Amino acid sequence: MSVANFRPYDDGEDIQYHDENVVIICDAKATCFGTDPLDLIKEEKKRIKECPDSVDATPEPEGLKIARNADTDYQSQMQLHVNSLWLIHYSCLLDSDYVGTISNNANLVPDTGQVVVWVDCKNDRREVAEDLTGIIPRAYIEHSEADFRRKVWGYLSHTANPENGQEDLKEWSQEVHRTLECIDPQ
Amino acid sequence: MSNDWIVLEEVGKWAGLEGEALDSYLRLASQVHNRAVEQSGEKYEMDTEYFQFLNQEVLSTPEIEELITNQGLSPEKLSAIRTGNVDFGEFLSETHLVDYTLDEIVDFVMILKLIDGYRSRVEDAPMPLDKLYYLSFTVNYRLSKSDDIVRFEDSLGIGNLQRTGYRYSFIKQGGYPFSESLERDKNRLIAWNLLNERTAPNLRNCEYPFELSIGERGEFFLTRYQKKMKQFDSLLLKTWENEQRRVLNDFAAEPIESLHSFLQSIDLVQQVQEGNVVLHGRPMNFTENNEQSTKGVNAHV
């Protein structure tokens, strides 16, 4: 979703349909436990049993580029914050010059959003996950595919689904609206 | 109630469910949960009684009982779920705990003190990121060259650095010392608002275009613990702190070129090839009872 299309839900609004925005922060060649992250999101969306049509998950695959630019470009920062589900590849939090920018912004995601880091390196996944603990204190760091998928499915099925997460969606959108106003008071 | 559904997953894992069994339980538990919110959610103050709600209205329902029976769960856990007596504190308290060791925390505190000491010597100017690497390296290097607290077992030939100093190992990058683990800890401090980092594209002769300053929480921390932070009682920390103070006195107000010259004059830095370790971090751990345990050479760059 573009920032221009973002609008906060009203308190009394009955949300029938929600266009969920998922930002994927990873290198262009990275996969998610061997699967294209876009496909993985589609697969998890299909597993939503209750009213899957009321939620649409629109992924933002250019997440890494946007996150990099967010350091100096306020429009990129705003573009990042209209996403409520952030999926971050572990490699972006290691050995990179922009980890500070990613973590600073991820820490601004409202409680009703979700940040999940996936660790799918060949070896020592558990150790890498431990190393990442604390860089984004509120993030879930998952080193097994099943646990990662459960976090994606759970968020789409519960919080992002108007059938179940009506109030959460309102709270998230209103908080993000305030964040955007702080970034660009115009 | 944001993301509280994750508790259901944690209950399943705590009970011992895995793979497809965990997925099936989670699908069913989610349905039961959502139905229960609609039917009896108003009876509970969800902010404070959410666990009670889960026990009474979700976990102890016949549907959940049917699904988890014969899944090989321990009788105690099965009974706790059936009777609505799951003790959430038992497994949730550690789920999202950011648990750092004493050694990591000491490093964090010393970085804060380094940046605090720096700004007091340069009229509150932020610290170029290059200087964080160079000054912390210099502290460790000088500790490795002095040995007033290591009388007996300097088996590694690294003087006081065997027992005190940063745990960070430094490699040679771009001709000068750099530490990935220090970089990681710096980012942790930024994430907690203990430090701030901003881009500084016009820094002259610096490799990294960033500047660091004390964050909002860092200011609070330094003010709240001012007395304790001013002077440590422990001999090991005092030795580290004294060396850090000397390094700041010598280099804080100096231009980056002075630090470059100093670093280039160090044999270790000169001789090591690019990408290789210049100086390992402190190998011994602090312990809660003031003794130390040997860990071996810290090869974690």
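Averaged over peptide B:187-199, how many Cβ atoms belonging to another chain are found within 10 Å of each residue's Cβ?
5
Going by a ≥ b ≥ c, the root eigenvalues of the Cα gyration tensor, does the stretch A:133-186 fall in the rounded group (a/c under 1.5), the prolate group (a/b larger than b/c) or the oblate group?
Judged from the Cα gyration tensor, the stretch A:133-186 comes out oblate (a/c at least 1.5, b/c at or above a/b).
Got a sec? Charge dipole of the stretch A:83-186, +1 on Cβ for Lys and Arg, -1 for Asp and Glu; which of A:Val115, A:Ala160, A:Gly134 is way out at the positive end?
A:Ala160
Classify the stretch B:7-50 from the C-alpha gyration tensor, please: rounded if a/c falls under 1.5, else prolate or oblate depending on whether a/b exceeds b/c.
Taking the square roots of the gyration eigenvalues as a ≥ b ≥ c, the stretch B:7-50 is oblate.
Where in the stretch A:40-86 does accessible area fall by at least 10 Å² between the isolated chain and the complete protein assembly, at a 1.4 Å probe radius?
Those residues are A:Arg47, A:Lys49, A:Glu50, A:Asp71, A:Thr72.
Quick one: check the C-alpha center-to-center distance for the stretch B:198-266 versus the stretch A:36-94, whole angstrom.
37 Å
Would you work out the charge dipole size for the protein assembly as shown about its Cα centre, treating the Cβ of every Lys and Arg as +1 and the Cβ of every Asp and Glu as -1, and quote it to the nearest 20 debye?
1920 debye
Arrange the peptides B:209-218, B:43-52 so that the one whose residues have, on average, the most other Cβ atoms within 10 Å appears first.
In decreasing order of mean packing, B:209-218, B:43-52 become B:209-218, B:43-52.
In Å, what is the Rg of the alpha-carbon atoms in the stretch A:6-103, and how long is Dmax?
Considering the stretch A:6-103 through its Cα atoms, Rg and Dmax are 15.0, 46 Å.
Can you give the relative contact order of chain B as a percent, counting alpha carbon pairs under 8 Å and 6+ residues apart?
The value is 19 percent.
What shape does the protein assembly as shown take by its C-alpha gyration tensor, where a ≥ b ≥ c are the square roots of the eigenvalues and a/c under 1.5 counts as rounded, a/b above b/c as prolate, and the rest as oblate?
Verdict is prolate for the protein assembly as shown.
Between the stretch B:4-45 and the stretch A:1-30, what's the alpha-carbon centroid distance in Å?
If you average the Cα positions of each part, the centres end up 25 Å apart.
Could you work out how far helix B:19-40 tilts from the main Cα principal axis of chain B, as a 0 to 90 degree angle to the nearest 10?
70 degrees
Of B:Val11, B:Val272, B:Val106, which is the most mobile in a GNM of chain B whose springs link Cα atoms less than 10 angstrom apart?
Ranking B:Val11, B:Val272, B:Val106 by mean-square fluctuation puts B:Val11 first.
Once the dipole of chain A is set up with Lys and Arg at +1 and Asp and Glu at -1 on Cβ about the Cα centre, which of A:Tyr17, A:Ile183, A:Leu94 lies farthest towards its positive end?
After comparing all options, I get A:Leu94.
Return, for the Cα atoms of the stretch B:124-215, the radius of gyration and Dmax in Å, separated by a comma.
Every Cα atom of the stretch B:124-215 included, Rg and Dmax give 15.2, 49 Å.
For chain B, state the semi-axes of the equivalent ellipsoid (square roots of 5 times the eigenvalues of the alpha-carbon gyration tensor), sorted largest first and rounded to whole angstrom.
Values for chain B, descending: 51, 22, 19 Å.
Taking chain A as a Gaussian network, Cα atoms linked when under 10 Å apart, which of A:Leu94, A:Leu85, A:Leu156 shows the biggest mean-square fluctuation?
A:Leu94
Can you return the lysines within cross-link range of A:Lys151? Criterion is Cα-Cα under 30 Å, with same-chain partners fewer than 8 residues away left out.
Output for A:Lys151: A:Lys29, A:Lys42, A:Lys45, A:Lys46, A:Lys49, A:Lys65, A:Lys122, A:Lys170, B:Lys13, B:Lys43, B:Lys77, B:Lys186.
Relative contact order (percent) for the stretch B:182-283, with alpha-carbon contacts under 8 angstrom and 6 or more residues of separation?
So the answer I get is 16 percent.
Scan chain A and report its longest stretch carrying no trypsin sites (Lys or Arg not before Pro) that are both in a DSSP loop and have at most 16 other Cβ atoms within 10 Å.
Counting only loop sites that pass the neighbour cut-off, the longest clear stretch is A:50-121.
Among the trypsin sites (Lys or Arg not before Pro) within the stretch B:133-216, which fall in a DSSP loop and have no more than 11 other Cβ atoms within 10 Å of their own Cβ?
B:Arg151, B:Arg204
So which lysines can B:Lys238 reach, going by Cα to Cα under 17 Å and dropping same-chain residues fewer than 8 places off?
B:Lys113, B:Lys145, B:Lys227, B:Lys228, B:Lys230
Size of chain A along its principal axes in angstrom, Cα-based, largest extent first?
49, 40, 25
Provide the descending list of Cα extents for the stretch B:223-272 along its principal axes, expressed in whole angstroms.
41, 23, 14
Can you give the accessible area per residue of chain B, in Å², using a 1.4 Å probe?
Spelled out: the 1.4 Å probe surface of chain B, per residue, equals 49 Å².
What percent of all Cα-Cα pairs in the stretch A:72-180 falls in each 5 Å bin, counting up from 0?
Once binned at 5 Å, the Cα pair distances of the stretch A:72-180 give 2, 12, 21, 22, 19, 14, 7, 2, 0.
Keeping the other protein chains in place, figure out the carbon and sulfur percent of the accessible area of the stretch B:1-140, with a 1.4 Å probe.
Here it works out to 45 percent.
Am I reading the A/B interface right? What is its buried accessible area, both sides, 1.4 Å probe, to the nearest 100 Å²?
Protein heavy atoms only, the A-B interface buries about 2800 Å².
At 222 nm, what helix-only mean residue ellipticity would chain A give, in deg cm²/dmol to the nearest 500, using -39500 (n - 2.57) for each DSSP H run of four or more?
-11500 deg cm²/dmol
When the helix-only estimate is applied to chain B (DSSP H runs of n ≥ 4, each -39,500 (n - 2.57), divided by the residue count), what is the mean residue ellipticity at 222 nm, nearest 500 deg cm²/dmol?
Here the helix-only value at 222 nm equals -15500 deg cm²/dmol.
Calculate the mean, over all residues of peptide A:156-162, of how many other protein chain Cβ atoms lie within 10 angstrom of the residue's Cβ.
Mean number of neighbouring Cβ atoms from other chains: 3.
The values are calculated or read from the model by the stated rules, or taken from the named source; none is laboratory data. Because the structure is predicted, anything quoted here is derived from the model rather than measured. Note that each Cβ is placed from the backbone with ideal geometry, even for glycine, and that neighbours are counted across all protein chains shown. Ligands, DNA and RNA are excluded from the accessible area calculation, which covers all protein heavy atoms including side chains. Shrake-Rupley method; radii C 1.70, N 1.55, O 1.52, S 1.80 Å.
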